[in-house]
Amino acid sequence: MPQKTGKHRISQRTKIATGALALAVAAGGIAISTTFGDPGNASADEADPALYIDILKVKPDNAEPAAARGASTGTFTVDCGRNENQHFNPDNFVAQPGIRNGAQHLHDYVGNLSSNADSNNKSLEAAGTTCRNGDKSAYFWPVVRIDTGDEEKNPAAKSPDGDRDQAAQAATSPLITCPDVASKLPDVPDPAMAEVNRNLDLLDTQIDEANKRLATSQGQGGPNFVQNAILGPLKDKRVATIDRMAIAIGRTAARPQGLDALAPCTLREQAGDGGSGVSNGGGAPGGAAQQITCPDVAGKLPAVPASAKAEVDRNLQLLNTQLQEANNRLATSQGQGGPNFVQNAILGPLKDKRVATIDRMAIAIGRTAARPQGLDALAPCSLGQADGNNGGNNGNNGGATAKPLPGADANNELPDNDGAIQRPAKVGITFRGSAAGKVTAMPKFLRALTGDAKPSINGTKNTRAAWTCTGFENRLTDKYPICPEGSKVERIHTFPSCWDGKNTDSANHRTHIVFPDKTGRCAAGFTAVPQLRISLVYDIPHDIQVKKQYKVDSFPSEKHNPLSDHDDFANVMSQRLMNQVVNCVNRGKTCTA
């Protein structure tokens, strides 16, 4: 049931009004103004009424691409519940690894039970899950709240610090990582499926046993102990296991070649780089790599005149592009030049570009308003450990900060994000095929996100209309829908599904997996993988919709703009389970697990 009645709380704005009323009475004032009696205006954190729309006024525009010959038309649906265990926190390990409370808004989680700012491949693999089929993947999105200023209290907040500390500890211990095999297999014939699945399970068991041996043998043997006693035998086991799969496939189809190259595994002495960063398909991450960060510019601009808005928006987007290019250059130039290489070849030129870009914005504003002063001080950028901020390049960033960000209070509220949390009445997690052809497996530990949590800073390049009503799924809008009686508010989040075939993450958390074109085809160099679609249905009472009293959590700068809606995912399926997903969608089946 929606949380809008029952035990009432006094909103912050009402508390302020109550205090003001008492002072006015004490002073003998006769003109008294309060927010009492108007619940529609009682909240100090309401969304702009202009952000709501009658769904009947939204034109149908959500057409799917036509399925080509050989398209993969099946679906695989996972039941992970509706967050009945009340797993909330303001973290985002996909977009902001290691930044506690960095999202500044509350996320709703299903799937992996350990998801928090410090989550890494090792902690995710070790955790439990809410998914009925054992899928340990993490699925999370911003909560929706009803905000009348007089709602029922939320479930008491649970501190995520214990889970965060455990995850951080896991990230400091040695870890053996192996190349993903499922994502390199060809289409598996039906007669070979059982044998392939058994051996994919065995590969996961082998690496788990190797990591347990590693953990219990610290300090044993000489300098080559790990190679001789663990990595060498593990490689031999994997060669035999992979060979059995190749033989099974080869009985009724072309035998896959080159799979033996996936047998060797590696040891990372410290998994501190194992949070979630750029990695190969084997899931060997690099989340703590150095990264360039730049001061936020959008937040320092004055009110932008309408005549300057287009120019300012173009240059804000250019700042993001410049930063992304600089970080890409940084990632591809490791070890080049002398001690001043980064400063001279990357940071210096980046500063010069930013000076010119910022100056263009100041000039544009100055044509019809006072020209802003001091913006040049925002041009220099710095090199540090990756903090998930990317200077605003990543849509879901929290921004670099020198002091800790506040967590949720006892009522699961944060600054500028209050109200009664609405748990979805229905959560649909479905993997779909490709309209252009067959799909291959996602690599384990692949990170993906959809939408952009900061459109006011990043622009609308990565935003996606996600709001609709049940029965009107062909009408997606970037505003909050007001649904007809009998229809429910729904969010639909579709994820990118064209993988670069190598990386499980990227510097901006986007370039390693991108969206197909309008025909459903992937660009050259990208491979179609199962496309994740998450649908969330809410029991928002009709009168609350009409009064425009529901909203999505957001960064404070976004002021609950529904265009800031987003969703995040980390694939922690076993290789066997992912292979089942691929088999289902490629064969046009409808599967539920």
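Nothing in this text is a laboratory measurement; each read-out follows from the coordinates by a stated rule. None of the values given here were measured: they were computed from a predicted structure. All Cβ positions, glycine included, derive from the backbone under ideal geometry; neighbour counts span all protein chains shown.
Taking the Kirkwood radius as Rh and the Cα radius of gyration as Rg, region 176-269 has a ratio of Rg/Rh equal to 1.05.
By the count of neighbouring beta-carbon atoms within 10 Å, fewest first, His493, His107, His509 end up ordered His493, His107, His509. Translational diffusion of the chain was estimated from the Stokes-Einstein equation, with Rh taken as the Kirkwood radius over Cα pairs; at 20 °C and 1.002 mPa s the coefficient is 83 µm²/s. Sorted on the mean count of surrounding Cβ atoms within 10 Å across their residues, most packed first, peptides 511-519, 423-431, 499-507 read 499-507, 423-431, 511-519. Listed from fewest to most Cβ neighbours within 10 Å, the set Arg360, Arg491 follows the order Arg360, Arg491.
Taking amide H as placed 1.01 Å from N in the peptide plane, Glu152 has its amide H under 5 Å from the amide H of Lys4, Thr5, each at least 5 places away in sequence or on another chain. Among Glu195, Glu485, Glu46, a tally of other beta-carbon atoms within 10 Å of each Cβ gives an order, fewest to most, of Glu485, Glu195, Glu46.
Between Glu209 and Arg244, residue separation times 0.36 nm minus the direct Cα-Cα distance comes to 10.6 nm.
Counting 0.36 nm for each residue step from Lys300 to Asn328 and taking away their Cα separation leaves a gain of 7.5 nm.
Dividing the Cα radius of gyration of region 290-385 by its Kirkwood radius returns 1.04 for Rg/Rh. Between the alpha-carbon centres of region 53-132 and region 517-583 there is a gap of 7 Å.
Ordering of 371-377, 202-208 by packing is 202-208, 371-377, highest average first (other Cβ atoms within 10 Å, averaged per residue). Applying the Karplus relation 6.51 cos²θ - 1.76 cosθ + 1.60 with θ = phi - 60° to region 173-183 yields 3J(HN,Hα) values of 9, x, 8, 8, 10, 10, x, 6, 9, 4, 6 Hz, where x marks Gly and Pro.
For the chain, the membrane-span-like helix rule (DSSP H, alpha carbon extent of at least 20 Å along the helix axis, mean Kyte-Doolittle at least -0.5) picks out 12-26, 232-250, 348-366; this says nothing about an actual membrane.
Which entries of Lys479/Lys559; Lys122/Lys454; Lys461/Lys548; Lys461/Lys518 show an alpha-carbon separation above 18 angstrom in the structure shown? Violating the 18 Å Cα-Cα cut-off are Lys122/Lys454; Lys461/Lys548.
Pairs exceeding a 27 Å alpha-carbon distance, out of Lys59/Lys589; Lys153/Lys551; Lys59/Lys444: Lys59/Lys589; Lys59/Lys444. The protection proxy used here, the mean number of other Cβ atoms lying within 10 Å of each residue, ranks peptides 338-347, 50-59 as follows, highest first: 50-59, 338-347.
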